[in-house]
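Participant: Quick one: this structure, given as structure tokens, is what I'll be asking you about.
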Amino acid sequence: MRLFRHELRIELLLYTRSRELAFFTFLLPLILFVLLGSVYGNDTVKGDPGVKQSKYLEAGMIGYGAISIAFAGLAIVLVIRRESGILKRLRATPLPAPAYIAAVLTSFMIAFAVEVAGLILLGRVLFGIPAPDRIGSLVLALLLGAIAFCGLGIGVTALIKSAEGASAVVNAIYLPASFIAGAFFSPAHFPQVLRAIADVLPLTYFLRLIRNVMLHDQAIWTQGTNVAVIAAWGLAGVIVALRYFRWEPSEG
């Protein structure tokens, strides 16, 4: 635990000192929420009458923040550290591998928690969105999503062979997934082919889970399908990570 706490402090410092990482994974969802909410926040959601777009968008930005931080940010950082030899050198230190991985994951989950708090605060101040009623269900849903996307983030590192290609590969995965899953707009009127793709994306089910809790006051234990699909995707990521995750650079 002492080594874990020490490494966690280091990881949090590294995250806050990386301007590019902090902007694209942490600040960008907040900025998009303010910009998009200012444009159409007072409209009502198509396919979900009675729900304001600003409230719908707030839940969507929480989902986008989860995939941006826990999946994209984590995957990029691990690939860069692997290819630059940092992970290989860490394996030769007294720091246990589980303690290092736990500290890295915890630092990204803390960043996600702070971002969620920021989104809820911005929604309250700028758009008059009330705080969620089912706090317990929301916390459990956020924790489930963060763990699942962290598992997928570690798993996807096996597909990336170079540090230069990390951002390109990750962006090609999570940005289209965010649009198709409906993080920014309601997917009710998307073409059938896009809705078919959305039905297999983990972000789709995470967004449904978050929106049901925040917009429709549904408890997490009443959403077995959403929970099961998110957990299954997270488990798949963990299995791939356990099988293919590497500490050494691809070139040796």
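The values are calculated or read from the model by the stated rules, or taken from the named source; none is laboratory data. None of these values were measured; they are calculated from a predicted model. Virtual Cβ from ideal backbone geometry, glycine too; neighbours counted across all protein chains shown. Ligands, DNA and RNA are excluded from the accessible area calculation, which covers all protein heavy atoms including side chains. Shrake-Rupley method; radii C 1.70, N 1.55, O 1.52, S 1.80 Å.
Participant: Which lysines, on any chain, are close to Lys161 with Cα under 22 Å apart, when same-chain ones fewer than 8 places away are left out?
Facilitator: Straight-distance partners of Lys161: Lys88.
Participant: So which residue, out of Thr204, Thr222, Thr106, gets the largest mean-square fluctuation from a GNM of the chain using Cα contacts under 10 Å as springs?
Facilitator: Checking each option, the largest mean-square fluctuation is seen for Thr222.
Participant: A follow-up question, please. Kindly write out, for segment 180-189 in residue order, the coupling ³J(HN,Hα) from the Karplus curve 6.51 cos²θ - 1.76 cosθ + 1.60 (θ = phi - 60°), rounded to whole Hz, with x marking Gly and Pro.
Facilitator: So the J values, rounded to whole Hz, are 5, 6, x, 5, 9, 9, 5, x, 4, 10.
Participant: If R₀ is 25 angstrom, what is the calculated FRET efficiency for the pair Asp133 and Ile197, using the beta carbon separation as r and rounding to 0.05? List each step's numbers first, then the result.
Facilitator: Numbers: r = 32 Å, r/R0 = 1.30.
Using R0 = 25 Å, I get an efficiency of 0.15.
Participant: Another one. Indicate the gyration tensor shape class of the chain (rounded, prolate or oblate), computed on the Cα atoms with a ≥ b ≥ c the square roots of the eigenvalues: a/c under 1.5 is rounded; otherwise a/b larger than b/c is prolate and the rest oblate. Could you put the intermediate results ahead of the total?
Facilitator: Working: a/c = 1.88, a/b = 1.68, b/c = 1.12.
Prolate.
Participant: Between segment 10-60 and segment 187-249, what is the C-alpha centre distance in whole Å?
Facilitator: Each part's Cα centre sits 19 Å from the other's.
Participant: Do the sum for the chain: with -39,500 (n - 2.57) for every DSSP H run of n ≥ 4, divided by all residues, what is the mean residue ellipticity at 222 nm, to the nearest 500 deg cm²/dmol?
Facilitator: Mean residue ellipticity at 222 nm (helix-derived): -22500 deg cm²/dmol.
Participant: Skipping prolines and chain starts, which residues have an amide H placed within reach, meaning under 5 Å, of the one on Thr44, given they are 5 or more residues away or on another chain?
Facilitator: Residues meeting the amide H criterion: Gln53.
Participant: On a straight-distance basis, which lysines could pair with Lys55 in a cross-link, Cα separation under 30 angstrom, same-chain partners fewer than 8 positions away excluded?
Facilitator: Answer for Lys55, where 30 Å is the Cα cut-off: Lys46, listed by chain and number.
Participant: Of all GluC sites (Glu not before Pro) in segment 5-111, which ones are in loop regions per DSSP and have a Cβ with at most 12 other Cβ atoms within 10 Å? The partial results should precede the final answer.
Facilitator: Working: sites: Glu7, Glu11, Glu20, Glu58, Glu83; in loops: none.
Here no loop site has a sparse enough neighbourhood.
Participant: Further, regarding this structure: Using a probe of 1.4 angstrom, how much of the accessible area of segment 1-152 is carbon and sulfur, in percent?
Facilitator: 68 percent
Participant: Just to confirm, what accessible area per residue do you get for segment 168-243 at 1.4 Å probe, in whole Å²? The partial results should precede the final answer.
Facilitator: Working: 3770 Å² over 76 residues.
Counting only protein heavy atoms, the per-residue value for segment 168-243 is 50 Å².
Participant: Still on this structure, please answer the following. In degrees between 0 and 90, to the nearest 10, how far off the longest principal axis of the chain does helix 202-216 point, with axes built from Cα atoms?
Facilitator: On a 0 to 90 degree scale, this one is about 40.
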